[in-house]
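A short worksheet on the structure shown next.
The values are calculated or read from the model by the stated rules, or taken from the named source; none is laboratory data. Just so it is clear, the model here is predicted, and its values are computed rather than measured. Every residue, glycine among them, receives a Cβ derived from its backbone with ideal geometry; neighbour counts consider all protein chains shown. Only protein heavy atoms, including side chains, enter the accessible area calculation; ligands, DNA and RNA are left aside. Shrake-Rupley method; radii C 1.70, N 1.55, O 1.52, S 1.80 Å.
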Amino acid sequence: MSIAIFTASGYAINLTSNKGRVDSDLDKILVTRSSMPGFQEYVDEIKDLWDTHWLTNMGEKHQKLQRELKDYLKTDNLELLVNGHMALELILQAFDLKGEVITTPFTFASTTHAIVRNGLTPVFCDIDTDDLTIDVSKIEALITDKTCAILPVHVYGNICDVDGIDEIAGKYGLKVIYDAAHAFGEIYKGRGVMDYGDASILSFHATKVFNTIEGGAVSFRDDRLTGVIRGLRDFGIEDGENVTAVGANAKMNEFSAAMGLCNLRHIDGEIEKRKKVYERYMDRLEGIKGIRVRHPDGDTVSNYAYFPVVFEPQEFGSDRDEVAKALAENNIFARKYFYPATNEFGCYKGKFDGHPTPVAADISRKVLSLPFYADLEEKTVDRICEIIKRLKIQT
């Protein structure tokens, strides 16, 4: 026999389920959904490509998007690439680094892979328990005569302790390259986030706050890197007859650039909608014992990229995996983002340093990114939160 109760939000919870399943005929709710312009707007943007037949290699769309992003992101030097991963690989190569790079294991695979694929050795530093970015107090102890750079990550849009990192880098003569894939358009202490460090990279993947379908960018302080990055992006070809570096094919195509031009027109409105989704989640979940959610730092103008929740099972009564399962039973798919920590990947087992990162390991087993995108409806947020709160009520 199935018994249903109705929540204050009007959603039926089936009590025959162990974890409070919500009966619904709605389609799957995924962890994210791409922001897109209107169909006709995109068609209008790309129609002149049929006249020019210039589809890639720094065409008009590429150049226009580059100019507009420089202005929007408040950075002087910015180059577009095929994706954020190649942006990171190529900026590491452009600096001609050798040795060890201090980084965080609490990140997407791309960050660590880019270091290793450049022949560099990742040295993993633990993370701060509050904002989940690299713990600056632990960096200096990891520096050796082989250290050449620090590669921190702005996690979920939480900005690293850029001042502390800059001080350490200056003291030891180290490059600082930020993985800012989560921090598109953010302002920190009055400066565009891309203005910090020696370089920063962005991802414009379809799931990001701003997307070009696939794409990425790198910004950098040294003007002389412009030619280097452009060369590496195009196989290392200097001109028609000279290849001066072992480069890659990392060019952004015109159709991706066109999508970026369209999406950039709407980005402020998209971020405002994301803020409302964030506020709805906070209103429903903040203050529940065993659930950790975080407000943006007071110095940061946030882009509201993600909604991560850390579940403390001893206080909440259910662990992260149980929450994910309960949501999935209701056609709602959250993401264990990031799990596992990259220093726990099978491909790196036994290959790199053994410095313990207990905070990163712990958080990776407790964090769950809930569905979050600009057009996520309030009633869906309420439904997700009711399922989560039902797990708490049962304990």
Taking the chain as a Gaussian network, Cα atoms linked when under 10 Å apart, which of LYS138, LYS171, LYS289 shows the biggest mean-square fluctuation? LYS171
So, in nm, how far is label LYS325 from label GLU344 when the simple model puts each one 7 Å beyond its Cα toward the Cβ? 1.8
Measure nothing fancy, just the Cα-based angle from helix 84-94's long axis to the longest principal axis of the chain, in degrees from 0 to 90, nearest 10. 30
Using 15 Å as the cut-off for backbone N distance, which residues of the stretch 120-160 belong to the label zone defined by a point 7 Å from the Cα of LYS74 along Cα→Cβ? 159
What does the convex hull of the Cα atoms of the stretch 181-240 come to per residue, in Å³, rounded to a whole number? 90
With every protein chain present, what accessible area does THR56 have (1.4 Å probe, heavy atoms only), rounded to the nearest 10 Å²? 60
Cut-off 10 angstrom, C-alpha nodes, Gaussian network model of the chain. Which of PHE352, PHE204, PHE372 fluctuates the most? PHE352
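222 nm [θ] for the chain, helices only, -39500 (n - 2.57) per DSSP H run of 4+, per residue, to 500?
-10500 deg cm²/dmol
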Work out, in µm²/s and without decimals, the Stokes-Einstein translational diffusion coefficient of the chain at 4 °C, 1.567 mPa s, Rh from Kirkwood over C-alpha pairs. 58
Pulled fully out, how much extra length does the chain show between ASP48 and THR244, if you take 0.36 nm times their separation in residues and subtract their Cα-Cα distance? 67.1 nm
Could you tell me the calculated FRET efficiency between LYS98 and GLU378, based on Cβ-Cβ distance and R0 = 56 angstrom, to the nearest 0.05? 0.60
Full extension from ALA109 to ASP223: what is 0.36 nm times the residue separation minus their Cα-Cα distance, to one decimal in nm? 38.1 nm
Which listed pairs, of LYS28/LYS70; LYS74/LYS275; LYS70/LYS175; LYS171/LYS351; LYS74/LYS379; LYS138/LYS351, have C-alpha distances above 31 Å, in listed order: LYS28/LYS70; LYS74/LYS379
Stretch ASP283-THR56 to full length: gain in nm at 0.36 nm per residue minus the Cα-Cα span? 77.2 nm
Accessible surface, per residue, of the chain when the full set of protein chains is kept, probe 1.4 Å, Å²: 45
